[in-house]
Amino acid sequence: MGESLSYRSIVVASQYVSWFFGQVLRLRYSISALCPAGLFEHSRDHCLILASTHQTYLDLWLLMVAVGFRRLRVLVPVRTLGTLDFRSPLLRRFKPLIKIIYELEGVIELPPEDHDERSLPEKLRGMLVALHEGDVVAIFPEGEVWKKREPPVGEFAPGVIYLHRKSGAPIVPVGVWISERSWPRRRYIAQFGRPVSIPDHFDQDTGAGWLRDQVLALREQAKHGEEQ
């Protein structure tokens, strides 16, 4: 059964409000997005899978701020996977508040790791429903915030490939580069690629590796674009 129109309206309104409040992030980050010509400029750009590297817990917020309000209006509502299994003691302390934010923002919550015996199709059912309703979904295939320098991008889980093949929605790879310099602001550059389809002859794991290579190349473009 699909979501009610009133709830979807709340999610859209909440995401607009989040975008406006997200401008405060510009005090900490110099945020920019590099997009191919024509990307996110028409309503037909719905039913996409945004697959991005995961550099910080603020990634989705930063990405939406980066694309600008004009493109945001084309994309919303953007549905994403979220977890309440936080390693950070600070985040665990604010878990009730985060749960409310998840509800308002239309986040599709994953079950707790220690109580989760569901299969991949069951875990991703909410995302698949959102795609079938024509929404944009965002997924971070690394599955966690990646802090290592080498490799700069973690291994991709196959869930994104499952969503792509079950829904037929193209994947928009996103490579994010964040500068090490923290003063006066850190550079946050999101390099968006053109929508891609995973080659049919790849299995899910091979397809995830192929997509990771695309994202790595986009991250390098973002990094070199900053250096020029």
* With a bin width of 10 angstrom, please list the P(r) values of region 161-228 as percents of all Cα-Cα pairs, from the 0 bin to the one holding the largest distance. => 21, 41, 23, 13, 2
* Structure fact -> Rg (one decimal) and Dmax (whole number) from the Cα set of region 24-102, in Å, equal 14.6, 43
* Relative counts (whole %) of C-alpha pair distances in region 115-228, using bins that are 10 Å wide -> 13, 40, 31, 13, 2
* **Lysine pairs in region 23-177 with Cα atoms under 26 Å, if 8 or more residues apart or on separate chains** => 7
* 1.4 Å probe accessible area per residue over region 169-210, in Å² -> 50
* What Kirkwood hydrodynamic radius do you get for the chain when you take the inverse of the mean 1/r over all pairs of distinct Cα atoms, in Å? -> 18.1
* Structure fact -> Amide H neighbours of T80 at under 5 Å, excluding residues fewer than 5 places away on the same chain, with H built from the backbone geometry, are I108, A138
* Asked: Counting Lys and Arg as +1 and Asp and Glu as -1, each charge on the Cβ, what is the dipole of the chain about the Cα centre in debye, to the nearest 20?
  -> 940
* Over region 83-228, what is the mean sequence separation of C-alpha contacts under 8 Å (at least six apart), divided by residue count, expressed as relative contact order in percent? -> 18
* Structure fact -> A 1.4 Å probe over the protein heavy atoms gives the chain a carbon and sulfur accessible-area percentage of 56
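The values are calculated or read from the model by the stated rules, or taken from the named source; none is laboratory data. Quantities reported herein were computed from a predicted structural model and do not represent experimental measurements. When we count neighbours, we look across all protein chains shown, and the Cβ atoms used for this are built from the backbone with ideal geometry, even at glycine. Accessible surface areas use protein heavy atoms only, side chains included; no ligands, DNA or RNA. Shrake-Rupley method; radii C 1.70, N 1.55, O 1.52, S 1.80 Å.
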